[in-house]
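Asker: Dropping the structure in here first, questions after.
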């Protein structure tokens, strides 16, 4: 059975305790069998939400390739980049459990990155393989930049 495609756009408000209610269909798509969700810093003003099992599989594949390159000595001249990647990996993600009513508590270290204060609106977007939470400003800027390329991108990816 193929994985469901996650699409849709919803306006939500971050409450005064930094919680966000996700649409139930989004919550079920990004929660694994253990009830875990991974919150990831994607780009400033945006967090992505993944099923923990799917995210770990994706991450493990990439890290294994890097390990093999290190063992083979292929990254000797790129230690600065390897260290930079390690720093980003160390702070990029965290595991959370959604509370009742599909409520996500945005982790403390991720709140500033999202750049949304309590009682402000966000946009929750299905991004095919994950769910994204955007500050309204960052989302509108992204749409402005990306929407003119939609037809070409769709054609390229679907052919």
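The values are calculated or read from the model by the stated rules, or taken from the named source; none is laboratory data. Because the structure is predicted, anything quoted here is derived from the model rather than measured. Methodologically, a virtual Cβ is constructed for each residue, glycine included, from the backbone with ideal geometry; neighbour enumeration extends over all protein chains shown.
Asker: Tally up the residues in region 69-78 that are surrounded by 11 or more Cβ atoms within 10 Å (Cβ to Cβ) and free of Cβ contacts under 8 Å to residues at least 12 places away in the same chain, please.
Answerer: Residues flagged as surrounded by 11 or more Cβ atoms within 10 Å (Cβ to Cβ) and free of Cβ contacts under 8 Å to residues at least 12 places away in the same chain within region 69-78 amount to 4.
Asker: Among (1) touching a residue at least 60 places away in the same chain (Cβ under 8 Å); (2) surrounded by 10 or more Cβ atoms within 10 Å (Cβ to Cβ); (3) under 30 Å from residue 143 (Cα atoms), which single condition is residue 53 missing?
Answerer: (1)
Asker: State yes or no: is residue 39 assigned to a strand (DSSP E or B) and touching a helix residue (DSSP H, G or I) at 6+ places or on another chain (Cβ under 8 Å)?
Answerer: Here the answer is yes, as residue 39 does meet what is asked.
Asker: Could you please give the count of residues in region 1-50 that are free of Cβ contacts under 8 Å to residues at least 40 places away in the same chain and farther than 16 Å from residue 97 by Cβ?
Answerer: The qualifying residues number 4.
Asker: What single numbered condition from (1) surrounded by 12 or more Cβ atoms within 10 Å (Cβ to Cβ); (2) within 19 Å of the chain's Cα centre (by Cα) fails to hold for residue 146?
Answerer: (1)
Asker: Given the conditions (1) over 27 Å from residue 3 (Cβ atoms); (2) surrounded by 13 or more Cβ atoms within 10 Å (Cβ to Cβ); (3) in contact with a helix residue (DSSP H, G or I) (Cβ under 8 Å, 6 or more places away or on another chain), report the number of the one that residue 109 does not fulfil.
Answerer: Unmet condition: (2).
Asker: Looking at residue 112 and the list (1) more than 16 Å from residue 19 (Cα to Cα); (2) modelled with pLDDT of 90 or more; (3) out of contact with any strand residue (DSSP E or B) (no Cβ under 8 Å at 6 or more places or on another chain), which single condition is not satisfied?
Answerer: (1)
Okay, residues lined up against (1) under 11 Å from the mean Cα position of the chain (by Cα); (2) modelled with pLDDT of 95 or more:
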| residue | (1), (2) |
| --- | --- |
| 43 | yes, no |
| 56 | no, no |
| 61 | no, no |
| 89 | no, no |
| 121 | no, yes |
| 128 | no, no |
